[in-house]
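Here the structure comes first, spelled out in structure tokens, and everything after it is commentary.
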Amino acid sequence: MMDEIDEARDWQGNEIDCAACAHQDMLSAGLCRLKHACVHDRYARRIDRFFNWNPGLSNSYIAHPHFEVRAISAKHASPFVLQPLLDDPEETVRWNAARRLPKRLILRLRHDPHREVRIRIVSLLDDAELIPMMADPDYYVRLVIARRVAAPLLARMIDDPEVEVRRIVAQRLPRDWLLQMVDDADAAVRLEIAQRLSPDLLARLRHDPDWRVRYEVARQIAVEDIAELADDADAFVQDMARSRRLNSQGRSMEHPR
């Protein structure tokens, strides 16, 4: 079956000539095929198929001038020849090499100039090795780390400058530490905190400037602490507080002491 693209050109746009190829003998053996599995083709799918069929040739192509060839050969080549690719100018090549190398060699990619490499490298490292990346200049790198590391380490990210990162921290931080975030500058973060705080600690948020936070407080706080919220400036907060207070009074009348 041929690929949908009915052409065979190399990465420089030249038409591929099998007669001039160093792998000409492989053609008759079915180990390569024009427009389907060819290391010289400019289409990555065909290059990938070539190395899937001939992984033993990968070592010979890690220095090829076309980055797609280098990147795909790095997936099959011996790990012993991959370290130089960590300095490749193309981020795809660096990542494909990094994922197959020991961690001691790839730690420096925590400072890779390309965000995609740094984002992906997070999945290969242990929590302690990710601590230096908690101050990464790219918010999405920090977001991935906040989702990945063990919850106790998130205390280091409580003051992250990005709201979305702090929201993840608020969702995962151990409950005993949530009070450290009740004064967060963003209401969305404080709402996450209000949803997780135990009822006896919610009084700290009764006067929050955002009605959504106060509503959550009114929904969960102990009834004996709800009186002030029954007169809240927001009607939704009032209704929640008054409804809970009435329900509590009704239960008390049904079951007098």
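FYI, it's all coordinate maths here, none of it is from the lab. Treat the numbers as computed from the prediction; the structure is a model and nothing was measured. Don't worry about glycine lacking a Cβ; one is built from the backbone with ideal geometry, like all the others, and counts go over all protein chains shown.
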request  = Return the inverse of the average 1/r over all pairs of distinct C-alpha atoms in the stretch 7-65, which is the Kirkwood hydrodynamic radius, in Å to one decimal.
outcome  = 11.5
inquiry  = What distance in nm lies between label points placed 7 Å from Cα along the C-beta direction at residue 6 and residue 236?
reply    = 6.0
Dipole of the chain [Lys/Arg +1, Asp/Glu -1 at C-beta], most positive-end residue of 150, 189, 96 = 150
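Where the eigenvalues come from the Cα gyration tensor of the stretch 111-257, what are the semi-axes √(5λ) of the equivalent ellipsoid, largest first, in whole Å?
On the way: eigenvalues 319, 43, 21 Å².
After diagonalising the Cα gyration tensor, the semi-axes are 40, 15, 10 Å.
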task = Quick one: check the C-alpha center-to-center distance for the stretch 198-236 versus the stretch 18-36, whole angstrom.
result = 74
inquiry  = Taking amide H atoms as placed 1.01 Å from N in the peptide plane, list the residues 5 or more away in sequence, or in a different chain, whose amide H sits under 5 Å from that of residue 9.
reply    = 16, 42
task = Find which of 60, 40, 77 sits farthest along the positive direction of the dipole of the stretch 1-77, computed with +1 on the beta-carbon of Lys and Arg, -1 on that of Asp and Glu, about the Cα centre.
result = 77
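Using a simple charge model, +1 on the beta-carbon of Lys and Arg, -1 on the beta-carbon of Asp and Glu, nothing else, what dipole does the chain show about its Cα centre, in debye to the nearest 20?
On the way: 39 positive and 43 negative charges, 172 e Å.
So the magnitude is around 820 debye.
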ask   = Could you state the per residue volume, in Å³, of the convex hull enclosing the Cα atoms of the chain?
value = 214
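Would you mind calculating the gained length between residue 36 and residue 228 on full extension (0.36 nm times residue separation, minus the Cα-Cα distance), in nm to one decimal?
Gain in length upon complete extension: 61.8 nm.
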FRET efficiency for residue 162 and residue 124, using Cβ-Cβ distance with R0 set to 25 Å, rounded to 0.05 = 0.60
